[in-house]
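First the structure, in the form of structure tokens, and then the observations on it.
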Amino acid sequence: MTCVGVDGAKSGWIGVWRQGEAFAFEAYPDAVSLQTSHAAAAVIAVDVPIGLADAGGRTADREARRFVGGRRACSVFSAPVRGILDAASQPEASRRHREIDGRGFGAQAFGILPKVREWDSLLRSSAHARAQVREVHPEVSFAALNGGCGVADRKKSASGQGTRMRLLSAIFDEAAIGCLLSRVPRRRAAADDVFDALVALWTAERIAAGHARSLPSPPETDLHGLQRAIWY
């Protein structure tokens, strides 16, 4: 059964999976179209917060920041509390988040709120999707590949992409990675999105094989029964 690695991209989402000795990819506008297209997949590993707190931060985010460590720990954003998912503007989201949790909610975090909302809606409505989909964070997975140390260089920098290519080439065929990078239109997904989807695929395959670990371990669940853990 296929495993799929998913990362947010310009087009919405990019999904990557194995196809023989190569990689296949597709860009999707939303979570529903992606999951529907991969209804038979064993695992769909996606870089998005799943399983939200009603107040307070998530254990998963705190443990992921410690795991990544160093300068890249800040790349693990705190997930929003559930009560602001329907906020229509960043000022509204920040005000309501502060009322609920005592913390504001910045513009960068607000930018991914629609993506969090669409996966939350899908997973709450579909038992099949809940069985398939797992949360990952690319920086956590790259840290695991890097011997437990976060990759210090930014993922959009030449040095950062070189390091990520080296780490991925240790588990996937380098020529196949290069071919995938050349085939994905940049209007659909940037190179760093492709790298992130590939490391999510690595984690998805580890989950399917029963070799993956989670932060925290064992996973927590939220009040709606959604798993609240970052896998690697």
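The values are calculated or read from the model by the stated rules, or taken from the named source; none is laboratory data. It should be emphasised that the depicted structure is a prediction, and the values quoted were computed from it without experimental measurement. Quick reminder, even Gly has a Cβ in these numbers, built from the backbone with ideal geometry, and neighbours come from all protein chains shown.
Could you give every pair whose Cβ atoms fall below 7 Å, whose first residue belongs to segment 55-70 and is closer than 21 Å to residue 94 by Cα, and whose second residue is among the polar types (S, T, N, Q), counting only separations of at least 6 or pairs across chains? Listed by first residue and then by second, the contacts come to 57/78; 61/78. Residue 172 meets the conditions (1) assigned to a helix (DSSP H, G or I); (2) within 30 Å of residue 1 (Cβ to Cβ); (3) of a type in the set (Phe, Trp, Tyr); (4) over 14 Å from the mean Cα position of the chain (by Cα) in every case but one. The failed one is (1).
Is segment 82-91 home to any residue that is in contact (Cβ under 8 Å) with a residue 40 or more places away in the chain, hydrophobic (A, V, I, L, M, F, W, C), under 23 Å from residue 229 (Cβ atoms) and in contact with a His (Cβ under 9 Å, 6 or more places away or on another chain)? For segment 82-91, residues in contact (Cβ under 8 Å) with a residue 40 or more places away in the chain, hydrophobic (A, V, I, L, M, F, W, C), under 23 Å from residue 229 (Cβ atoms) and in contact with a His (Cβ under 9 Å, 6 or more places away or on another chain): absent. Does at least one position in segment 196-206 carry a residue that is crowded, with 20+ Cβ neighbours inside 10 Å, in a loop (DSSP other than H, G, I, E, B) and out of contact with any His (no Cβ under 9 Å at 6 or more places or on another chain)? No: zero hits.
Tallying residues that are of a type in the set (Lys, Arg), surrounded by fewer than 21 Cβ atoms within 10 Å (Cβ to Cβ) and modelled with pLDDT of 95 or more within segment 6-60 yields 1. Of all residues in segment 75-115, those satisfying the criterion of being touching a helix residue (DSSP H, G or I) at 6+ places or on another chain (Cβ under 9 Å), part of a helix (DSSP H, G or I) and under 23 Å from residue 9 (Cβ atoms) are 75, 90, 93, 107, 109, 110, 111, 113, 115.
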